[in-house]
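These notes are about the structure you will find just below.
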Amino acid sequence: MDTIYITTPIYYPNAPPHIGHAYTTIYADVLARYHRLRGRNVFFMTGNDEHGLKLQKAAEEKGVDPKVLVDEMAEVYKKYWRLLDISYDHFIRTTDPKHVEVVKKAVSILYEKGLIYRSRYSGWYCVSCEKFYSEGEYIVKDDKPYCPIHDKPLEWIEEDTYYFKLSVFKDYLIKLLSDSDIVYPRQYAIEILNRVKEEGLRDVSIARPSDRVWWGVEFPFDKNYTVYVWFDALLNYVSGIGYLDDNERFNKYWSNVHHVIGKDILWFHTAIWFSVLKALDIPPPKKLLVHAFLISRGLKIGKSSGNVIAIEDLIERYQDSDGVRYILMRVFNMDKDVEVSTQLFDSIYNSELADTYGNLVRRLGVLAKKKLNGIVYKRSLNDELVKVIDDTREKYLEYMENYEVAQAINTVMDLVREANAYINKVKPWEKKSPDKDLYNLLEALRFATLMLYPIIPKATRKVADSFGFKIEDPEKSSIGSIERYNIIDAPILFRKVRIQ
Ligand code: ME8
């Protein structure tokens with residue numbers, strides 16, 4: 001399909017983004033850049049989740065109006081995404097009037113369909129998660145219920161509210177999760193299936209009394225309530241592409257939507273989101289791509305664990321966005337949590353970016369300039385090397401089409417390692433006219449560069465500009481298609497960091 005719509009979660013802007021948010025956003029950006037490179041029509045959206053109690057409290061603590069806070073923070077998020085070279089097409093904010101309109105209309109549609117009713121609610125709430133916890137879900141400390149994620153005491157809340165009839169969708173959800181391959185990796189679909197089968201599907205409260213939570217979208221048929229922040233937030237995925245406003249645009253992008261999320265918000269994006277979509281007569285998403293956590297000393301990295309790694313520190317350490325992007329994608333893991341450390345990051349950066357890819361670029365550039373004045377004409381191809389390039393490309397494309405970015409990187413790095421070994425073997429510096437060797441090696445480097453482009457866009461562009469070729473779809477380009485390389489520079493792309 002040549003249209004693809006890629007989304008990240010919309011983040012709570014009560015604090016600036018950290019390495020965990022960067023992890024998701026860079027991954028989504030790599031997919032977006034890859035699909036653009038393949039000539040597809042991509043719409044890539046990220047944004048901020050600006051309503052709810054969490055933001056209301058954050059603004060109260062700072063003594064500012066929540067709107068002032070979220071306006072400021074939207075700029076902060078955009079600044080970070082610029083620093084990380086995130087190529088989003090649209091930055092959505094849940095305070096955008098168009099989005100607010102969609103939320104109100106969606107609630108009204110569900111009300112008219114008889115899927116919303118008023119009743120009393122009581123339960124334990126975690127403000128950091130913006131979520132109620134039932135018995136068995138929370139942990140107990142000193143006889144008090146605590147949030148299992150944030151390790152903070154839960155608040156007891158008892159009030160009249162409006163419910164969405166989630167329970168109606170139990171069979172639909174079970175069938176969808178069992179029969180489709182929407183959720184990737186599949187283990188996450190099974191997790192939700194087991195939970196729904198065990199616990200059933202309870203109706204969810206989708207309103208908050210405005211005297212407690214006033215910072216939210218006004219409930220369309222009862223001014224005394226605001227819409228529950230999660231209900232509001234999930235709808236960003238449809239409001240951002242013209243739902244209830246521009247049908248053609250909406251249908252075009254929705255038909256191939258890929259949501260990228262962390263596993264912490266899996267329940268909302270399956271049980272709740274799939275049901276809300278069904279209730280609105282919208283088909284389920286094409287794919288829900290779920291990844292595991294970045295952890296530090298066994299704990300999920302996050303503000304509440306106090307183990308946040310700042311994005312700016314990483315950018316400084318690895319000299320620019322490419323180093324950070326590469327490292328995070330190289331450790332990217334959908335199934336398992338990844339324990340991170342400066343040592344791990346340094347060793348990946350030094351051994352793969354500096355010593356392997358950077359080294360190949362520098363060696364080839366210097367050799368070509370010294371031996372051939374930077375001009376390398378097309379020569380006959382070395383069958384062995386062509387086969388390695390071709391096999392790598394095939395594997396890379398397969399991995400990327402299957403969302404497996406870390407494996408795709410490893411495959412390309414194997415090619416780069418082969419090319420470095422090839423130089424050592426043929427010793428072009430000892431030859432009088434090493435044209436053939438250099439041409440073949442440059443072709444290997446060119447394909448590695450095309451394939452690495454979505455991950456390290458700045459460095460690969462620099463190589464393309466310095467060596468005189470275009471960044472293009474690796475599948476469409478043929479090996480041996482460059483008539484003449486004109487190498488004007490042999491850049492040092494990545495300077496090694498001193499291992500701590
Ligand atoms: O949940 N490891 O926003 P949020 C990996 N507003 N990923 C991590 C991470 C970590 N240690 N920490 C955070 C919300 N993330 C809602 C979403 S969507 C309709 C509404 C990433 O600011 C991961 O993608 O708490 C996770 O799902 C997201 O940040 C949560 O961001």
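Taking the Cα centre of the stretch 148-290 as origin and charging only Cβ (+1 Lys, Arg; -1 Asp, Glu), how large is the dipole, in debye to the nearest 20? Display every interim value, and only then the final one.
Values: 17 positive and 21 negative charges, 113 e Å.
That gives the stretch 148-290 a dipole magnitude of about 540 debye.
Applying 1/(1 + (r/R0)^6) with R0 = 60 Å to the Cβ-Cβ distance of ASP414 and GLU158, what FRET efficiency is obtained, to the nearest 0.05?
Numbers: r = 60 Å, r/R0 = 0.99.
So the FRET efficiency works out to roughly 0.50.
Hey, what did the stretch 209-250 get for relative contact order, percent, Cα under 8 Å, at least 6 apart?
On the way: 32 pairs, mean separation 10.9, N = 42.
For the stretch 209-250, the relative contact order is 26 percent.
Using only helices, what value at 222 nm comes out for the chain when you add -39,500 (n - 2.57) per DSSP H run of length 4 or more and divide by the total residues, to the nearest 500 deg cm²/dmol? It would help to have the intermediate numbers written out before the result.
Values: 18 runs with 219 residues, N = 500.
Roughly -13500 deg cm²/dmol at 222 nm, from the helical runs in the chain.
Could I have the simple spin-label model distance between ASP313 and TYR172, label points 7 Å from Cα toward Cβ, reported in nm to one decimal?
4.6
Between the alpha-carbon centers of the stretch 113-157 and the stretch 247-308, tell me the distance in whole angstrom.
A separation of 21 Å, based on Cα centres.
Residue farthest toward the positive end of the dipole of the chain, with Cβ of Lys/Arg at +1 and Asp/Glu at -1: which of VAL405, GLY47, TRP429?
TRP429
Just to be sure I understand the rule: take each whole DSSP H helix in the chain, project its Cα atoms onto its long axis, keep it if the span is 30 Å or more and its mean Kyte-Doolittle hydropathy is at least 0.5. Which ones pass?
Working: long enough: 405-426 (32 Å, 0.33).
Span-like helices here: none at all.
Give, rounded to the nearest 20 debye, the magnitude of the charge dipole that the stretch 1-132 has about its Cα centre when Lys and Arg contribute +1 at Cβ and Asp and Glu contribute -1 at Cβ. Walk me through the numbers before you get to the answer.
On the way: 19 positive and 16 negative charges, 75 e Å.
Charge dipole, the stretch 1-132, about its Cα centre: 360 debye, nearest 20.
Given a Förster radius of 51 Å and the C-beta distance between LEU299 and ALA421 as r, what FRET efficiency does 1/(1 + (r/R0)^6) yield to the nearest 0.05? Please list the in-between numbers first.
Details: r = 41 Å, r/R0 = 0.79.
Efficiency for this residue pair is about 0.80.
Given contacts defined as C-alpha pairs under 8 Å and at least six residues apart, what's the relative contact order of the stretch 342-486, whole-number percent?
Values: 139 pairs, mean separation 46.3, N = 145.
That works out to 32 percent.
Which is farthest toward the positive dipole end of the stretch 318-396 among VAL366, TYR396, VAL386, measuring Cα position about the Cα centre, with Cβ charges +1 (Lys, Arg) and -1 (Asp, Glu)?
Selected residue: VAL366.
If I model a spin label at ARG82 and ASP2 as a point 7 Å from the Cα along the Cα→Cβ vector, what separation in nanometres do I get?
3.4
Say the cut-off is 28 Å between C-alpha atoms; which of LYS57/LYS170; LYS175/LYS476; LYS54/LYS263 go over it? Please report the intermediate quantities before stating the final value.
Numbers: LYS57/LYS170 34 Å; LYS175/LYS476 39 Å; LYS54/LYS263 20 Å.
Exceeds cut-off: LYS57/LYS170; LYS175/LYS476.
Taking 8 Å as the Cα distance limit and 6 or more residues as the minimum spacing, I'd like the relative contact order of the chain as a percentage. Write down the numbers at each step before the final one.
On the way: 793 pairs, mean separation 79.0, N = 500.
Once normalised by length, the contact order is 16 percent.
Pull up the cross-link candidates among the aspartates and glutamates for LYS144, meaning alpha carbon to alpha carbon under 20 Å and not fewer than 8 places away within one chain.
GLU130, GLU135, GLU155, GLU158
About the Cα centre of the chain, what is the dipole size in debye to 20, counting +1 per Lys and Arg Cβ and -1 per Asp and Glu Cβ, all else neutral? Can you show the working numbers first?
Working: 71 positive and 72 negative charges, 354 e Å.
With only Lys, Arg, Asp and Glu charged at Cβ, the dipole is about 1700 debye.
Among PHE169, LEU438, TYR77, whose Cα projects farthest towards the positive end of the dipole of the chain, with charges put on the beta-carbon of Lys, Arg (+1) and Asp, Glu (-1)?
LEU438
In the chain, what % of DSSP beta bridges are antiparallel (nearest 5)? If you can, show how the numbers build up before the last one.
Details: 28 of 51 bridges.
Here the share of antiparallel DSSP bridges comes out near 55 percent.
What distance in nm separates the simple spin-label points at ASP179 and GLU475, each placed 7 Å from Cα in the Cβ direction?
2.9
Below 19 Å, Cα to Cα, which lysines can LYS496 reach? Residues fewer than 8 away in the same chain don't count.
Within reach: LYS458, LYS462.
Every number in this text was worked out from the coordinates using simple rules, so none of it is lab data. What you see is a predicted model, and the numbers here were worked out from it, not measured in a lab. Don't worry about glycine lacking a Cβ; one is built from the backbone with ideal geometry, like all the others, and counts go over all protein chains shown.
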